[in-house]
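Visitor: Below is a structure I'd like to ask you about.
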Amino acid sequence: MVVNRRPTGTAKSMPYGLLLGWLMSAGITVVACGGLAWLILSGKTGWEAMGYGAIVTLLGASYMGAAMACRMIMHRKLLVCILSGVIYLCSLVAITALLFGGNIEGAWLTALLVAGGSGTAALVHCAEKRDKGRRRKKRRL
């Protein structure tokens with residue numbers, strides 16, 4: 001196999017990168033939801049902030065998890081972003097089903113937000129990087 005570019009670092013294995021991406025997503029979700037709950041219960045924000053905070057949390061957490069997994073694995077970036085989003089969504093749906101007795105009626109909104117976040121990561125990180133090569137110097141006459 002011929003490699004025509006320099007290695008830029010060491011790529012991690014697919015399961016390891018996906019695990020760290022999921023841990024990043026789950027950690028951001030827990031911290032952001034805890035912070036939002038603290039703000040609401042202390043009276044610094046109203047209950048109206050719950051909806052917007054949850055939307056921003058899910059979008060940001062799914063983006064950051066997919067982006068981290070994509071940066072660590074360094075190949076098959078579209079597949080990695082999709083798998084990262086699916087793993088995060090499955091964990092959210094499982095936790096929701098566990099806490100609410102199997103009632104997952106509102107999971108479609110969560111699915112759309114997670115798909116949006118991981119899709120954004122796929123669009124950002126799957127774009128081909130152009131080689132900036134040398135530019136010719138203009139000759140002066």
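Visitor: List, in order, the whole-Hz ³J(HN,Hα) value for each residue of the stretch 50-64 obtained from phi through the Karplus relation with A = 6.51, B = -1.76, C = 1.60 and θ = phi - 60°; use x for Gly and Pro.
Guide: 4, x, 5, x, 5, 5, 5, 4, 5, 5, x, 5, 5, 5, 5
Visitor: Please compute the length gained on full extension between Leu39 and Ala107, using 0.36 nm multiplied by the number of residues separating them and subtracting their Cα-Cα distance.
Guide: Values: separation 68, 0.36 × 68 = 24.48 nm, distance 2.48 nm.
Difference between extended and current length: 22.0 nm.
Visitor: Could you run the Karplus curve 6.51 cos²θ - 1.76 cosθ + 1.60 with θ = phi - 60° over the stretch 20-34 and give me ³J(HN,Hα) per residue in whole Hz, x for Gly and Pro?
Guide: Result, ordered by residue: 5, x, 5, 4, 5, 4, 5, x, 4, 4, 5, 5, 5, 5, x Hz.
Visitor: Sequence gap at least 6, Cα distance under 8 Å: using those rules, report the relative contact order of the chain to the nearest whole percent. Show your work: numbers first, answer last.
Guide: Numbers: 136 pairs, mean separation 39.9, N = 141.
Once normalised by length, the contact order is 28 percent.
Visitor: Counting only chymotrypsin sites (Phe, Trp or Tyr not before Pro) that sit in a DSSP loop (anything but H, G, I, E, B) with at most 16 other Cβ atoms within 10 Å, what is the longest stretch of the chain containing none of them?
Guide: It works out to 48-99.
Visitor: Can you give the FRET efficiency for Ser91 and Tyr16, using 1/(1 + (r/R0)^6), R0 = 22 Å, r = Cβ-Cβ distance, to the nearest 0.05?
Guide: Numbers: r = 17 Å, r/R0 = 0.78.
It comes to 0.80.
Visitor: Working from the pairwise distances between different alpha carbons, so that the mean of 1/r is found and then inverted, what is the stretch 1-111's Kirkwood radius in Å?
Guide: Values: mean 1/r = 0.0641 Å⁻¹.
After inverting the pairwise mean of 1/r, the radius is 15.6 Å.
Read-outs: derived from the displayed coordinates by stated rules, not from any lab. What you see is a predicted model; the values in this text were computed from it and never measured. A quick note on method: Cβ atoms are made from the backbone with ideal geometry, for glycine too, and the neighbour counts reach across all protein chains shown.
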